[in-house]
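Asks: Take a look at this one; I'll ask things after.
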Amino acid sequence: MAAHNELGRYGEDLARHYLEEKGYRILNQNWVYGRAEIDLIAFYEAKLIFVEVKTRSSVTHGNPEEFVNHKKERQLEFASLEYIERAQHQGEIRFDVIAVTMNNNKQFKINHIEDAFWPG
């Protein structure tokens, strides 16, 4: 596996543990529909939460959350609509971004942005 893929997987695992410690129930990790992937799907306070995790080893070219662009938002919306239908969820939903910044010593910083965007 390429180094950037390993970093991304590690960031997703850190984000998962972070959310679990906060009381979120993780329903799925790396859920795929078509060409779209949702990194984490969680349930918290009666809301279905779709989470995009971005991990970077430095902020030289920008913070990780800055890399969630309009195209990525559309992909998340596409996949989330299918997930909602399959799960027959009729309550509230939310789209979050978790930005993980790592350094060479495996120390990390997590920035959890709730309600980061609303597709469409």
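None of the figures in this text is laboratory data; all of them are computed from the coordinates on show. Just so you know, these numbers come straight off a predicted model, no measurement behind them. Glycine gets a Cβ as well: all are built from the backbone with ideal geometry, and neighbour counts include every protein chain shown.
Asks: For residue 109 and residue 59 in the same chain, what is the full-extension length gain: residue separation times 0.36 nm, less their Cα-Cα distance, in nm? Before the final figure, lay out the partial values.
Replies: Values: separation 50, 0.36 × 50 = 18.00 nm, distance 1.15 nm.
Contour length minus the Cα-Cα distance gives 16.9 nm.
Asks: Determine, for segment 3-113, the count of lysine pairs separated by eight or more sequence positions (or lying on different chains) whose alpha-carbon distance falls under 23 Å.
Replies: Lysine pairs, 8 or more places apart or on different chains, close enough: 10.
Asks: Would you mind checking the tilt of helix 3-21 against the longest principal axis of the Cα atoms of the chain, expressed as 0 to 90 degrees and rounded to 10?
Replies: With both axes taken from Cα atoms, the answer is about 60 degrees.
Asks: Quick one: among 76, 14, 27, which has the greatest mean-square fluctuation in a GNM of the chain with alpha-carbon springs under 10 angstrom?
Replies: Looking only at 76, 14, 27, the largest GNM fluctuation is found for 27.
Asks: Quick check for me: using +1 on Lys/Arg Cβ and -1 on Asp/Glu Cβ, what's the dipole size of the chain about its Cα centre, in debye to the nearest 20?
Replies: Numbers: 15 positive and 19 negative charges, 57 e Å.
That gives a dipole near 280 debye.
Asks: Pop a pseudo-label 7 angstrom from the Cα along the beta-carbon direction at both residue 93 and residue 13 and give the gap in nm to one decimal.
Replies: Output for this residue pair reads 3.0 nm.
Asks: Sticking with this structure for a sec: Please compute the Kirkwood hydrodynamic radius of the chain from all pairs of different C-alpha atoms, in Å with one decimal.
Replies: Numbers: mean 1/r = 0.0685 Å⁻¹.
One decimal place: 14.6 Å for the Kirkwood radius.
Asks: Now for a separate question. Taking Cα centroids, how far is segment 98-120 from segment 1-47 in Å?
Replies: Taking the Cα centre of each part, segment 98-120 and segment 1-47 sit 12 Å apart.
Asks: OK, next. In the chain, what percentage of the DSSP-assigned beta bridges are antiparallel, given to the nearest 5?
Replies: Working: 18 of 28 bridges.
Around 65 percent antiparallel, to the nearest 5.
Asks: Angle between the Cα long axis of helix 70-87 and the longest principal axis of the chain, 0 to 90 degrees, nearest 10?
Replies: 40
Asks: What number, rounded to the nearest 500 deg cm²/dmol, is the helix-based mean residue ellipticity at 222 nm of the chain, given -39500 (n - 2.57) per DSSP H run of at least four residues and division by all its residues? Present the calculation step by step, with values, prior to reporting the outcome.
Replies: Working: 2 runs with 37 residues, N = 120.
Here the helix-only value at 222 nm equals -10500 deg cm²/dmol.
Asks: Given H placed on each backbone N at 1.01 Å, which residues far from residue 57 in sequence or on other chains put an amide H within less than 5 Å of it?
Replies: For residue 57, the qualifying residues are 102.
Asks: Identify, among 100, 43, 70, the residue whose Cα sits farthest towards the positive end of the charge dipole of segment 3-113, taking +1 on the Cβ of Lys and Arg and -1 on the Cβ of Asp and Glu, with the dipole about the Cα centre.
Replies: Working it through, the farthest residue towards the positive pole turns out to be 100.
Asks: OK, next. Residues with amide H under 5 Å of residue 116's amide H, sequence separation 5 or more or different chain, H placed in the peptide plane at 1.01 Å from N; which?
Replies: Distant-sequence amide H within range of residue 116: 95, 96, 97.
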